[in-house]
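Trainee: Below is one structure. I have some questions about it.
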Amino acid sequence: MSLLPALTGSFSTPAAGNPTVAMMEAAYAHHGIDARYVNCDVAAEGLADAVRGATAMGWIGFNCSLPHKVAVIELLDELAQSARLIGAVNCAVRRDNGWIGENTDGQGFLASLRAIADPTGQRVLILGAGGAARAIAVELALAGAAELWVANRNITKAAEIAALVTAETASACTAVEWHRDLTVPESATLVVNATSLGLPGSGEVPLSFDSIPPDLVVCDVIPNPPDTTFLQRARQAGAATLDGRGMLLNQGAINIELWTGVDPDREVMGRALDEAIAGWVHP
Ligand code: NDP
């Protein structure tokens, strides 16, 4: 590495449990990319200063995580198509014309899903209607999912996603009010937990696995710890499962390609990510 590496990083709060830095720096080292990735704890009221700081210091890109994914938009110069549709940015890229906002969360999920299933024609129950759910719904629909149900306890947020997907894509999308022990639709082929339930101490995802369609694939977005109780229950009920590690890994790889033009080695990144996750104990 030179004495003046290119700078990238993440703005979020709380930031201490974010294992992204390990896999990004492993990729930079492996590919000889002269860059660093800095994990920054940035409060909501400090976000504008953080972006101004990144501009002043010549950062080539940064990630935004909770709670900044929507608030950052007004601080950027342009939005890429998926970020505009999703209405949230998790990756900013410095171009000649300023900061371009991208959303790579849904693309990371799709890349992870493609390792075990083709998104085309899927009938998907998405649990949750926050930023992750929105990104996953839009990308699944753009990738040719046949039908989506978005279930949320706050039905208004689910209805917003259903309206967006219906207006902007060819997929059918219905909002579902989520009561305890929701059952999986009989024709569903895929279930995605895109809520923050499943994080240690957050409580169990109230979905009934008493009767599930055959060949169902059940996914979780929680990357740390990856084998959530939700996925364990799904496996016990006979479903195949996909954890949130692959989503995190792939969105990180897509970010590096956007910032540096290098398509990084996922195995190298995955090993570093696993070590970081294994070494992190939730408070
Ligand atoms: P948001 O805060 O935007 O959304 C949270 C969602 O969870 C909302 O739909 C909320 O419902 C729902 N929820 C929270 N608590 C409950 C509860 N007790 N019962 C039912 N529903 C609940 O968060 P994000 O969408 O940004 O993130 C969601 C998760 O996705 C996080 O855990 C995050 O770590 C993970 N994630 C993983 C990524 C990866 O790469 N693997 C990338 C991005 C996110 P309501 O609207 O009713 O409040």
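Trainee: Mean-square fluctuation check for the chain, GNM, Cα pairs under 10 Å: which of ASP34, ASP265, ASP96 is largest?
Mentor: In this elastic network of the chain, the residue with the biggest mean-square fluctuation among ASP34, ASP265, ASP96 is ASP96.
Trainee: Express in nm, to one decimal, how much length is gained between ASP263 and ASP49 on full extension, taking 0.36 nm for each residue of separation and deducting their alpha carbon distance.
Mentor: 74.0 nm
Trainee: Next question, about the same structure. Whole number in Å², please: accessible area per residue of the chain, 1.4 Å probe, ligands, DNA and RNA not counted.
Mentor: Heavy-atom SASA per residue in the chain reads 44 Å².
Trainee: Out of GLY238, GLY32, GLY131, any idea which swings most in a Gaussian network model of the chain, alpha carbons joined below 10 Å?
Mentor: GLY32
Trainee: Can you give me the % of accessible surface on the chain that is carbon or sulfur? Probe 1.4 Å, all protein chains present, nothing else counted.
Mentor: The C+S portion of the solvent-accessible surface of the chain is 52 percent.
Trainee: Once Rh is set to the Kirkwood radius over Cα pairs, what Stokes-Einstein translational diffusion coefficient, in µm²/s, holds for the chain at a temperature of 10 °C and a viscosity of 1.306 mPa s?
Mentor: Reported coefficient: 83 µm²/s.
Trainee: Need one number: nm distance between label points at ALA237 and ARG153, each 7 Å from Cα along Cα→Cβ, rounded to one decimal.
Mentor: With each label point 7 Å from Cα toward Cβ, the separation is 1.9 nm.
Trainee: So what is the 222 nm mean residue ellipticity for the chain from helices alone, if each DSSP H run of at least 4 adds -39500 (n - 2.57) and you divide by all residues, rounding to the nearest 500 deg cm²/dmol?
Mentor: Taking each H run of at least 4 residues, the total per residue is -11000 deg cm²/dmol.
Trainee: How much FRET efficiency would the formula 1/(1 + (r/R0)^6) give for GLU186 and ASP118, where r is the Cβ-Cβ distance and R0 is 22 Å, rounded to 0.05?
Mentor: 0.60
The values are calculated or read from the model by the stated rules, or taken from the named source; none is laboratory data. No experiment lies behind these values; they were computed from the predicted model shown. Reconstructed Cβ throughout: ideal geometry from the backbone, glycine too, with neighbour counts over all protein chains shown. Ligands, DNA and RNA are excluded from the accessible area calculation, which covers all protein heavy atoms including side chains. Shrake-Rupley method; radii C 1.70, N 1.55, O 1.52, S 1.80 Å.
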